[in-house]
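Here the structure is laid out as structure tokens; the discussion comes afterwards.
The values are calculated or read from the model by the stated rules, or taken from the named source; none is laboratory data. As the structure is a computational prediction, the values presented were derived from the model and not from experiment. For neighbour counting, all protein chains shown are included, and Cβ atoms are generated from backbone atoms with ideal geometry for every residue, glycine included. With ligands, DNA and RNA removed, areas are computed over all heavy atoms of the protein, side chains included. Shrake-Rupley method; radii C 1.70, N 1.55, O 1.52, S 1.80 Å.
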Amino acid sequence: MFADLLASRPGAAPLFIHYDEAVGSRVELSAATFRNWVDKTANLLEDLGIEPAESVQLELALTAPGHWTTAVWVAAIWQRGCTVSTSAEGTEVAVVGPDSSTRGPITVMCSLHPLGLGLTDLPADCVDYAEVLAQPDVHWAEEPAEVAWAPAISPAEVAAVTPQRQRRLIADPAPGWAGISQILVAPVLGGGSSVVVTGASPDRLAVIADQERAITTP
């Protein structure tokens, strides 16, 4: 259901806006641009040999829960018919940030650059996520895995998240499922959008909310 709703989302309107105050960046992803990244990432998973129903260790969900790259990876893992995990147990690939020492059978390292650029000092045992740019953006989706988010969040529970119909500002989202369910799942289900801000002061948050015309209520 999630993949179908994302695929049917009107393309031009913003879906995910990310402010990273640590580097002073603002990245706006329309639904079409977000889907493009998701499609390419799902194809990268296939090229890496990750099969439907396998698990992907998404360390980014713990270390960079508000970054747009993390949201893209979650949607791509589901589109591939795989399970998101934040544990290494039983996973075939680890997806990590630029400073991580975590390694899996395959490790994809993400620069977390605002524009998705590659790493300047890639460890020899890692795949640079920037390689995703060479992937086709052909859309396809596998049947959802029995578990969407390990250990026990099912696709039915993903579909039961309260829909978000407005543009909502979310500051420093919680790691793991708690954050992703709000910044990604809820707006996709409800036709809304998210303005995700990391590292901002309360005064700065108020300015951003006004500029983006975003609600800040829970």
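Being open to solvent by 60 Å² or more (accessible area, probe 1.4 Å) and modelled with pLDDT of 95 or more is a condition met by at least one residue of the range 182-196.
Test residue 158 against the criterion of being farther than 17 Å from residue 49 by Cα, out of contact with any Pro (no Cβ under 6 Å at 6 or more places or on another chain), in contact (Cβ under 8 Å) with a residue 60 or more places away in the chain and open to solvent by less than 20 Å² (accessible area, probe 1.4 Å), and give yes or no. If you could, list the steps in order and put the result at the bottom.
Details: farther than 17 Å from residue 49 by Cα: yes; out of contact with any Pro (no Cβ under 6 Å at 6 or more places or on another chain): yes; in contact (Cβ under 8 Å) with a residue 60 or more places away in the chain: yes; open to solvent by less than 20 Å² (accessible area, probe 1.4 Å): yes.
Answer is yes for this residue.
Looking at residue 80, is it of a type in the set (Lys, Arg), in contact with a strand residue (DSSP E or B) (Cβ under 9 Å, 6 or more places away or on another chain), open to solvent by 30 Å² or more (accessible area, probe 1.4 Å) and closer than 17 Å to residue 137 by Cβ? For residue 80, the condition - of a type in the set (Lys, Arg), in contact with a strand residue (DSSP E or B) (Cβ under 9 Å, 6 or more places away or on another chain), open to solvent by 30 Å² or more (accessible area, probe 1.4 Å) and closer than 17 Å to residue 137 by Cβ - is not met.
Of the residues making up the range 171-181, those that are closer than 13 Å to residue 64 by Cβ and either open to solvent by 40 Å² or more (accessible area, probe 1.4 Å) or in contact with a strand residue (DSSP E or B) (Cβ under 7 Å, 6 or more places away or on another chain) (or both) are 172, 173, 174, 175.
The residues on offer are 56, 23, 38, and the sole one that is of a type in the set (Val, Ile, Thr) and either over 23 Å from residue 105 (Cα atoms) or surrounded by fewer than 18 Cβ atoms within 10 Å (Cβ to Cβ) (or both) is 23. On the basis of being open to solvent by less than 30 Å² (accessible area, probe 1.4 Å) and either in contact with a Phe, Trp or Tyr (Cβ under 8 Å, 6 or more places away or on another chain) or at pLDDT 95 or above (or both), does residue 65 make the cut? Here the answer is yes, as residue 65 does meet what is asked.
Condition (residue is farther than 14 Å from residue 188 by Cβ, in contact (Cβ under 8 Å) with a residue 12 or more places away in the chain, in contact with a helix residue (DSSP H, G or I) (Cβ under 8 Å, 6 or more places away or on another chain) and among the basic types (Lys, Arg)) applied to the range 5-15: is it met by at least one residue? If you could, list the steps in order and put the result at the bottom.
Keep residues of the range 5-15 that are farther than 14 Å from residue 188 by Cβ, which gives 12.
Right, trim to in contact (Cβ under 8 Å) with a residue 12 or more places away in the chain and you get 12.
Now drop any that are not in contact with a helix residue (DSSP H, G or I) (Cβ under 8 Å, 6 or more places away or on another chain), which leaves 12.
So of that shortlist, the ones also among the basic types (Lys, Arg) come out as none.
No - not one qualifying residue is present in the range 5-15.
Is it true that some residue in the range 130-144 is open to solvent by less than 40 Å² (accessible area, probe 1.4 Å), under 16 Å from residue 79 (Cβ atoms) and touching a residue at least 24 places away in the same chain (Cβ under 8 Å)? Yes, the conditions are met somewhere in the range 130-144. Any residue that is in a strand (DSSP E or B) and within 18 Å of residue 41 (Cβ to Cβ) - is there at least one of those in the range 127-146? Checking the range 127-146: at least one residue is in a strand (DSSP E or B) and within 18 Å of residue 41 (Cβ to Cβ). Filtering the range 93-113 down to residues that are touching a residue at least 40 places away in the same chain (Cβ under 8 Å) and not in a loop (DSSP other than H, G, I, E, B), which residue is surrounded by the fewest Cβ atoms within 10 Å (Cβ to Cβ)? Ranking the qualifying residues of the range 93-113, first place goes to 93.
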